[in-house]
1. When the residues of region 248-306 are narrowed to those that are part of a helix (DSSP H, G or I), of a type in the set (G, A, S) and within 26 Å of H70 (Cα to Cα), which ends up modelled with the highest pLDDT?
2. With K140, K220 as the choices, which residue is out of contact with any strand residue (DSSP E or B) (no Cβ under 6 Å at 6 or more places or on another chain), of a type in the set (D, E, K, R), farther than 15 Å from E236 by Cβ and surrounded by 12 or more Cβ atoms within 10 Å (Cβ to Cβ)?
3. When only residues in region 375-389 that are surrounded by fewer than 16 Cβ atoms within 10 Å (Cβ to Cβ) and not hydrophobic (A, V, I, L, M, F, W, C) count, which is farthest from I13 (Cα to Cα)?
4. Can you tell me which residue within region 33-54, out of those that are free of Cβ contacts under 8 Å to residues at least 12 places away in the same chain and part of a helix (DSSP H, G or I), is farthest from Y84 (Cα to Cα)?
5. Inside region 289-307, can you point out the residues that are within 12 Å of L267 (Cα to Cα) and either in contact with a Cys (Cβ under 9 Å, 6 or more places away or on another chain) or of a type in the set (A, V, I, L, M, F, W, C) (or both)?
6. Just give me the residues in region 149-174 being outside any loop (DSSP other than H, G, I, E, B) and not hydrophobic (A, V, I, L, M, F, W, C), in sequence order.
7. Consider only pairs whose beta carbons are under 8 Å apart and that are at least six residues apart or on different chains; among these, list those whose first residue lies in region 209-220 and is over 15 Å from A109 (Cα atoms) and touching a residue at least 12 places away in the same chain (Cβ under 8 Å) and whose second residue is surrounded by 14 or more Cβ atoms within 10 Å (Cβ to Cβ) and among the polar types (S, T, N, Q).
8. Any residue in region 331-348 that's assigned by TED's automatic domain parsing to the domain that holds A362 and within 10 Å of G33 (Cα to Cα): show its pairings with residues that are of a type in the set (V, I, T) and not in a helix (DSSP H, G or I) at Cβ separation under 6 Å, as long as the two are six or more apart or on different chains.
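The values are calculated or read from the model by the stated rules, or taken from the named source; none is laboratory data. Being a predicted model, the structure only gives us computed values, none of them experimental. A quick note on method: Cβ atoms are made from the backbone with ideal geometry, for glycine too, and the neighbour counts reach across all protein chains shown.
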Amino acid sequence: MENLDTATAKIIIETLGSNGIPPEAGVKYYTVGLESYLKIIEKDYLKTFIFNNGSAFKMVVGTYGGGKTHLLYCIRELAWNCNYVVSYVRLSPNESPFHKLEFVYKALAKGLIPPLDPNELLKSPTIGISFLIRSWYSEKYKKLLEHTREKTQITEALLEYINSFDFWENINFYHAIKEAFKSLIHNNDEDFLNILQWLIGESYDRKIHKKYGIFQKIDKTIAFSLIRSMARWIKEIGYSGLVILFDEAEKISSLSSRNKEMLLNNLREIIDECANTNFQNVIIFYAVPDENFLEGKTMIYEALRQRLKTTFNFFNPSGVKIYLDNLEIEPIELLNQIGEKLFEIYKIAYNFKTDDNLVSDAIKEIAQAAYQMRYADIGYKRLFVQKFIQSLNYFKNNGSFPTLEELDFK
């Protein structure tokens, strides 16, 4: 538990104990069983294939509470360590439905985070394309200050730099990024905010935006080209590339037939984009609770099944599907190790001391009970985490562990 402070430890325990959902930071302290997946992702993709202009798509399959979000957060930390910009998007029917790609682009733009110490996430860091543009400008300005203090020379150098950029696929995005940078050079907040409103898909007014070279509102017809241009820009300004993490908030089967078909078509197109040489330095992870959405008889179902039939593992790193129920470690042993790590975190959070043997016995008992509930609606991993933290809280207040009946396993 090196470098784990009391405040972060309390956030981990409180968040996991209340709803079982992993906190934004601290997942590395209780990660178990994912090491082989993470090593492959880092070695074969982030440090090599994606960095060297490749692109890839992976689908993470795991039940609710089965560790999908946890894995995505682990990947995010790996990506930051390798100098990638990351956007984590929790797909939802209202704000970011996958069947409407223009909304997906908006969520991506608002979620962009450059390399960051994960603990900084707990301090509510500024995120999004606005912050990324400002950080980009600030870094360029600081480098120029190392050579001159003359404001005129710095301004001329910044303008020369931004005007040297090659054209990207979507001319509206290209102009928006360049003009946003120029507005920072000239300290023009109004221009920056006007451009930003378009970049994040909030509004488009032809009378306002045409002077920046922006002539089209953001809709589904240009969503793919915007994402491609975003990835190109991120690479151009010095990052290794873009990592996109899609986390399905609800089952796809709950959608209407029309929306489901649109979602499947979008998913197929995104997978195909990752095989396109124009789409570079991008890896996409798409997390789903099951594969039931692939059950159908039309051509789109068959097309997706063919694209998603391979399994990602040590022997086949080019495979697509990552199964969180097929880890190298046995389920009970997995829960035991998670429990041991959570206990160490709990001790830091509350300066808690007790007989380790008592805790070990409690972990084993709760692990067995949780695993017996593996066919319930809630994932047995999440159930174990919640019940084990509940039992530690009980012990802290009563001096003994609760029985399984008192923990109310359901």
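1. If we take residues in region 248-306 being part of a helix (DSSP H, G or I), of a type in the set (G, A, S) and within 26 Å of H70 (Cα to Cα), then S254 is modelled with the highest pLDDT.
2. So the residue among K140, K220 that is out of contact with any strand residue (DSSP E or B) (no Cβ under 6 Å at 6 or more places or on another chain), of a type in the set (D, E, K, R), farther than 15 Å from E236 by Cβ and surrounded by 12 or more Cβ atoms within 10 Å (Cβ to Cβ) is K220.
3. Out of the qualifying residues, it is Y375.
4. Looking at residues that are free of Cβ contacts under 8 Å to residues at least 12 places away in the same chain and part of a helix (DSSP H, G or I), I get E35.
5. Scanning region 289-307 gives F293, L294, I300, A303, L304.
6. Within region 149-174, K151, T152, Q153, T155, E156, E160, Y161, N163, N172, Y174 meet the criteria.
7. Filtered contacts from region 209-220: H209/N194; Y212/N194; G213/N172; I214/N172; F215/N172; Q216/N172.
8. Cβ pairs passing all conditions: L334/V32; Q337/V32; I338/V32.
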